[in-house]
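K.L.:
Mind looking over this structure? Questions follow.
The values are calculated or read from the model by the stated rules, or taken from the named source; none is laboratory data. Predicted model, so just to flag it, every value in this text is computed and none were measured. Because the Cβ atoms are built from the backbone with ideal geometry, glycine has one as well, and the counts that use them run over all protein chains shown.
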Amino acid sequence: MKKIPEKLGQYSEYKNIKFALKEAVYDTVTKEAFEEKWCSFIEKFELQQNDWLNGLYNERHRWCLWHIMKKIPEKLGQYSEYKKIKFALKEAVYDTVTKEAFEEKWCSFIKKFELQQNDWLNGLYNERHRWAPTLLRKYFWAGMSTTQRSESIHSFFDGYINSTTSLNQFVKQYDNALRSRAEKEFEADFNSMDTTISCGSNSSIEKQFQGEYTHAKFKEVQTEFRSKMNCDASLYIVEGSFATYHVLEEVSIGDKPKERVLKVVFNRENNDVNCECSLFEFRGILCCHVLSVCTQERVKNVSNKYILTRWKKNIKRKHSYIKSSYGVKELKPQMDRFDKLCKHFYEVAEVATESEDATKALHEILHQFNSNVPTMDTTINKHKEGKIQAKSVVQTPPTTSL
């Protein structure tokens with residue numbers, strides 16, 4: 001709400017827009033009422049093209065699954081068949097990949113153990129779209145999951161603060177924790193560029209990911225390649241350019257082995273692929289079922305859209321140039337140059353904004369410089385390579401012919 005003036009202040013009916021937005025947010029108690037009021041004010045003030053409002057409307061928030069599962073003993077421990085109930089609940093949560101399968105398993109175990117009057121379970125079911133992995137798979141979460149404590153914010157402060165830490169100590173330790181995280185990220189980036197993790201197979205697709213992704217993300221991809229050994233893809237039907245496969249996968253639920261079948265649709269025209277498990281949509285990684293089908297279809301390389309830029313090893317992290325108390329010392333020269341340039345740009349911008357012509361002229365100069373940056377990068381890299389080669393020549397001892 002603090003950003004409303006910044007994002008909506010330019011509209012002539014700003015006050016009415018602000019009132020209508022707050023009314024939709026604070027004065028509704030059901031999802032349907034919120035949807036109705038939101039759409040009404042968007043249409044009334046013709047705000048369909050406002051990116052900020054569209055982003056807010058499409059944003060999704062999740063509940064912490066780890067905290068939900070942690071409450072099982074407290075909420076269900078009083079039942080005589082507690083162990084069976086717990087197993088059935090976990091099976092519905094973790095062992096379903098479609099909405100229909102989740103609904104069927106949930107309703108089945110509720111009916112079997114006569115849990116219709118349990119308020120906690122009823123509340124979870126009513127808000128299932130906020131926490132159930134199966135229902136969240138259609139949204140991209142970049143691999144973020146809070147299914148265990150080690151993935152939560154607690155692990156970030158492990159070794160730095162505890163229950164006896166004072167406020168003064170917290171401020172210092174918070175800085176130390178950030179510095180440690182920044183140094184680990186820098187080290188990981190350096191290792192990704194400087195070393196190579198061996199492929200576990202001769203797959204050209206695995207080699208494709210090996211050359212593009214950071215070590216951490218490539219290890220996740222390799223997990224799917226290993227899981228591919230548990231999959232058996234069989235062609236079900238071909239309709240035009242679309243080939244539908246049924247992939248039989250052997251999985252373990254607890255200590256019990258189990259088989260499940262997932263549907264994968266492969267487009268033979270453009271090599272687009274879609275799996276029922278929605279792992280790529282959910283985490284941005286191609287699943288073992290898709291990789292199994294790619295093997296059947298003799299796919300040598302996947303489309304670039306399946307290699308996300310956010311996890312490439314050569315991506316430039318712009319935030320690392322901003323000075324901070326926890327900055328990595330190896331990046332200090334870049335930080336200093338970045339800081340000086342920003343100060344200079346700010347001074348120039350102050351002068352240029354006084355005139356429309358000066359602003360346009362500055363934009364043209366910046367565009368021209370920006371278009372020449374790739375050429376400059378190439379020249380700098382060649383210069384560096386030349387220095388390295390010259391250095392190696394100087395350091396190479398003279399050969400003696402016998």
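K.L.:
So residue 249 ticks every box in (1) surrounded by 16 or more Cβ atoms within 10 Å (Cβ to Cβ); (2) acidic (Asp, Glu); (3) under 23 Å from residue 307 (Cα atoms) but one. Which box is left unticked?
P.N.:
So the condition that residue 249 fails would be (3).
K.L.:
Name the residues in segment 14-40 that are surrounded by 14 or more Cβ atoms within 10 Å (Cβ to Cβ) and more than 27 Å from residue 126 (Cα to Cα), would you? Even if it seems obvious, please write down each step before you answer.
P.N.:
Our first condition is that a residue be surrounded by 14 or more Cβ atoms within 10 Å (Cβ to Cβ); within segment 14-40, this holds for 14, 17-18, 20-21, 23-24, 28, 34, 37-38.
Those that are surrounded by 14 or more Cβ atoms within 10 Å (Cβ to Cβ) and more than 27 Å from residue 126 (Cα to Cα): 14, 17, 18, 20.
K.L.:
Among the residues of segment 176-213 satisfying the criterion of being in contact with an Asp or Glu (Cβ under 9 Å, 6 or more places away or on another chain) and surrounded by fewer than 15 Cβ atoms within 10 Å (Cβ to Cβ), which is modelled with the lowest pLDDT?
P.N.:
190
K.L.:
Please enumerate the residues belonging to segment 244-268 that are under 25 Å from residue 299 (Cα atoms), in a strand (DSSP E or B) and of a type in the set (Lys, Arg).
P.N.:
260, 263
K.L.:
Taking interchain pairs and intrachain pairs at least six residues apart, which have beta carbon atoms under 6 angstrom, with the first residue in segment 270-283 and without any contact (Cβ under 8 Å) to a residue 40 or more places away in the chain and assigned by TED's automatic domain parsing to the domain that holds residue 242 and the second among the aliphatic types (A, V, I, L, M) and not in a loop (DSSP other than H, G, I, E, B)?
P.N.:
Filtered contacts from segment 270-283: 273/290; 274/265; 275/264; 275/290.
K.L.:
If you don't mind, there's one more thing I want to ask. Against the definition (at pLDDT 85 or above and of a type in the set (A, V, I, L, M)), how does residue 136 come out, yes or no? Break it down into steps so the answer makes sense when it comes.
P.N.:
Numbers: at pLDDT 85 or above: no; of a type in the set (A, V, I, L, M): yes.
The answer is no for residue 136.
K.L.:
Ok, one more. What residue, of 19, 45, 41, is in contact with a helix residue (DSSP H, G or I) (Cβ under 6 Å, 6 or more places away or on another chain) and more than 27 Å from residue 130 (Cβ to Cβ)?
P.N.:
Sole residue among the options that is in contact with a helix residue (DSSP H, G or I) (Cβ under 6 Å, 6 or more places away or on another chain) and more than 27 Å from residue 130 (Cβ to Cβ): 45.
K.L.:
May I pose another question? Go through segment 222-245 residue by residue and tally those that are touching a Cys at 6+ places or on another chain (Cβ under 6 Å) and over 25 Å from residue 269 (Cα atoms). Before the answer, list the steps.
P.N.:
Step one: filter segment 222-245 for residues touching a Cys at 6+ places or on another chain (Cβ under 6 Å), giving 224, 227-228, 231.
Okay, now just the ones that are also over 25 Å from residue 269 (Cα atoms), so 227.
Total meeting the criteria: 1.
K.L.:
Does residue 260 fit the bill of being under 30 Å from residue 89 (Cα atoms), among the charged types (D, E, K, R) and not assigned by TED's automatic domain parsing to the domain that holds residue 91? Write out each step before concluding.
P.N.:
Numbers: under 30 Å from residue 89 (Cα atoms): yes; among the charged types (D, E, K, R): yes; not assigned by TED's automatic domain parsing to the domain that holds residue 91: yes.
So residue 260 passes the test.
The rows are residues; the columns are (1) under 28 Å from the mean Cα position of the chain (by Cα); (2) at pLDDT 85 or above; (3) assigned to a loop (DSSP other than H, G, I, E, B).
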site	(1), (2), (3)
7	yes, no, no
17	no, yes, no
20	no, yes, no
36	no, yes, no
47	no, yes, yes
53	yes, yes, no
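K.L.:
In the list 228, 217, 258, which residue meets the criterion of being among the basic types (Lys, Arg), touching a Leu at 6+ places or on another chain (Cβ under 7 Å), touching a residue at least 60 places away in the same chain (Cβ under 8 Å) and at negative phi? Give the derivation first.
P.N.:
Values: 217 fails: touching a Leu at 6+ places or on another chain (Cβ under 7 Å); 258 fails: touching a Leu at 6+ places or on another chain (Cβ under 7 Å).
Only one candidate passes the filter, namely 228.
K.L.:
Residue under question is residue 87, and the condition is that it be in contact (Cβ under 8 Å) with a residue 60 or more places away in the chain and more than 17 Å from residue 136 (Cα to Cα); does it hold? Can you show your working first?
P.N.:
Numbers: in contact (Cβ under 8 Å) with a residue 60 or more places away in the chain: yes; more than 17 Å from residue 136 (Cα to Cα): yes.
Yes: the conditions hold for residue 87.
K.L.:
Within segment 224-243, how many residues are part of a helix (DSSP H, G or I) and surrounded by 13 or more Cβ atoms within 10 Å (Cβ to Cβ)? Lay out the reasoning, then the answer.
P.N.:
First, the residues of segment 224-243 that are part of a helix (DSSP H, G or I): 224-230.
Filter once more, so that each one left must be surrounded by 13 or more Cβ atoms within 10 Å (Cβ to Cβ): 224-225, 227-228, 230.
Going through segment 224-243 one residue at a time, the tally reaches 5.
K.L.:
Taking helices (runs of 4 or more DSSP H) that fall entirely within segment 269-365, which contain at least 1 residues that are modelled with pLDDT under 90 and not small (Gly, Ala, Ser)?
P.N.:
279-283, 332-352
K.L.:
Can you pull out every residue in segment 158-175 that is surrounded by 15 or more Cβ atoms within 10 Å (Cβ to Cβ), in a helix (DSSP H, G or I) and of a type outside the set (Ser, Thr, Tyr)?
P.N.:
Within segment 158-175, 173 is the sole residue that qualifies.
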